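Note sheet for the following structure.
The values are calculated or read from the model by the stated rules, or taken from the named source; none is laboratory data. Everything numeric in this text was worked out from a predicted model, so none of it was measured. Positions of Cβ are backbone-derived with ideal geometry, glycine not excepted, and every protein chain shown enters the neighbour counts. When the accessible area is computed, the model is the full protein with side chains, heavy atoms only, and any ligands, DNA or RNA have been set aside. Shrake-Rupley method; radii C 1.70, N 1.55, O 1.52, S 1.80 Å.
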2 protein chains.
Amino acid sequence: MRDKKHRKREGCFLAEGLRILAEAEENGHLPEQIFYAESGERHTIARRLIAATEATGGEAIRTTEAILAKLSGKDNPQAVTGVYREFETGLDRIDRSTAPIWLVAQALRDPGNLGTMLRTGDAVGAGGLILIDDCTDPFSVEAVRASMGALFTQKIATAPWQDFIAWMRSASGQLVGTSLDSDLDYQQPDYAAPCFVLVGNESAGLPADYAGACDLLVKMPMMGKADSLNAAISAAVMAYEVLNQFRR
Amino acid sequence: MRDKKHRKREGCFLAEGLRILAEAEENGHLPEQIFYAESGERHTIARRLIAATEATGGEAIRTTEAILAKLSGKDNPQAVTGVYREFETGLDRIDRSTAPIWLVAQALRDPGNLGTMLRTGDAVGAGGLILIDDCTDPFSVEAVRASMGALFTQKIATAPWQDFIAWMRSASGQLVGTSLDSDLDYQQPDYAAPCFVLVGNESAGLPADYAGACDLLVKMPMMGKADSLNAAISAAVMAYEVLNQFRR
């Protein structure tokens, strides 16, 4: 399950820790299997998760701390680990009218950035994250961990650019890209819901034709010697600006 | 050098890639040793870095791609890798009058978060990053990599809380903490330079007495089910708000 090939073959993924499994449960997701050791049994929440998993036909497996550690690849394993069925990630899962903000990432390579974008999306009240072109797997252990449970609260879609832009233009919505080549300060425009905040690949940024297809291309001020921000940071600074305008 | 024990014994650290080494050079830092392979020799910038390193008494070591890969722990190594002398990290390195914003992190555990905070600090025109209590090593390969060169443009200081707060109060400056327990929206206060933006540990947040010692304790709006942001994201959203006020 920690290996992408096996994960995809089984159509399952791993999530670890009471906090994330409880978040999943609150959002209607129970694991197909839940692993726990002695330390897990002592937690009220763990016992509730175990009972709920069994009540829905899932399997609760009592194991040792050592095996839990092996499952998670960490020395100090979480009290529980769940195996979940992967979600569908078609664009048709996205109903843009359900949220004022959506995050979009293109060719995002870092699972920590992906998970962090999910977590930020949850915080700003975004509806979900749309992954364009060849992004890192949202169901990897690292992405799930960085999402801190937001994998279960945010919708996730994956699509090639052509499909995304056709879908984007099939209804109303503002596509806002971030680009170092833009002269438009990100605090200048009036954002409009549903607003799609698009960030590009960590190294290359957005391809020129993708940038050209945006309704707005904006730039955060860069006061120092660096010329760019981390992709998840860009998305967050942008998303909070959009949220701040909407809540005024 | 990839191991903390060895790094500390030698007082040196590794930085990889033309972009970061060039950023270092622009800020007056040349490596004590520079490693490069055939692919590196073809780059004008690499040749300039090699010559500059030798001109200042450093050592330029031609090696193989395989050994470069081993040095960096990555399959696709960068064209050059430099070994740098660690900087002093006393609080006395910080002259608060030199910048309007300073970032402060307490018990930060994740090297990616630390490096990202340096990179964000550079972008917002911060003067540097002050690391309180037991933070992850700013000179680790992961932190240096995530900083994208900002390790060389930002001042770095490390201090126990008691020393920091005494230093903080020895001159003027506004200490702004982020806390989930605050009712004060982060866009409400008027920030004043030099403004010190303080974020707490990834899991535990700020200790109550540290939070109590802040001039302001603010909170970003949380619209979703999650109750917190990634620490580097919090710092960035806060820092851009402070910058936006200052540039108005």
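Tabulated data for the structure shown
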{"read-out": "Count of segment A:84-126 residues which are β-branched (Val, Ile, Thr) and farther than 17 Å from A:Gly200 by Cβ", "value": "5"}
{"read-out": "Test set (1) open to solvent by less than 60 Å² (accessible area, probe 1.4 Å); (2) in contact with an Asp or Glu (Cβ under 8 Å, 6 or more places away or on another chain); (3) within 13 Å of chain A (Cβ to nearest Cβ) - B:Asp185 fails condition number", "value": "(2)"}
{"read-out": "Residue count for segment A:146-170, restricted to those that are assigned to a helix (DSSP H, G or I) and surrounded by 21 or more Cβ atoms within 10 Å (Cβ to Cβ)", "value": "7"}
{"read-out": "Search result, residues across segment A:202-248 that are among the charged types (D, E, K, R) and not in a loop (DSSP other than H, G, I, E, B)", "value": "A:Asp209, A:Lys219, A:Glu241, A:Arg247"}
{"read-out": "Hits in segment A:190-241 - residues which are in contact with a strand residue (DSSP E or B) (Cβ under 7 Å, 6 or more places away or on another chain) and aromatic (Phe, Trp, Tyr)", "value": "A:Tyr191, A:Phe196, A:Tyr210"}
{"read-out": "Selection from segment B:56-77 of residues that are on the phi < 0 side of the Ramachandran plot, of a type outside the set (D, E, K, R) and out of contact with any helix residue (DSSP H, G or I) (no Cβ under 6 Å at 6 or more places or on another chain)", "value": "B:Thr56, B:Gly58, B:Ile61, B:Thr63, B:Thr64, B:Ala66, B:Ile67, B:Leu68, B:Ala69, B:Leu71, B:Ser72, B:Asn76"}
{"read-out": "Number of the exception - B:Asp137 against (1) within 14 Å of chain A (Cβ to nearest Cβ); (2) open to solvent by less than 60 Å² (accessible area, probe 1.4 Å); (3) closer than 25 Å to B:Asp95 by Cα", "value": "(1)"}
{"read-out": "Checklist (1) open to solvent by 20 Å² or more (accessible area, probe 1.4 Å); (2) more than 10 Å from chain B (Cβ to nearest Cβ) applied to A:Asn230, failing item", "value": "(2)"}
{"read-out": "The listed residue being out of contact with any Pro (no Cβ under 6 Å at 6 or more places or on another chain), closer than 24 Å to B:Tyr240 by Cα, part of a loop (DSSP other than H, G, I, E, B) and in contact (Cβ under 8 Å) with a residue 12 or more places away in the chain, out of B:Arg109, B:Arg119", "value": "B:Arg109"}
{"read-out": "B:Ala171, sole failed condition from (1) out of contact with any strand residue (DSSP E or B) (no Cβ under 6 Å at 6 or more places or on another chain); (2) within 14 Å of chain A (Cβ to nearest Cβ)", "value": "(2)"}
{"read-out": "Filter result for the condition that a residue is at pLDDT 95 or above and at the interface with chain A (Cβ under 9 Å from one of its Cβ atoms), over B:Asn244, B:Asn201", "value": "B:Asn244"}
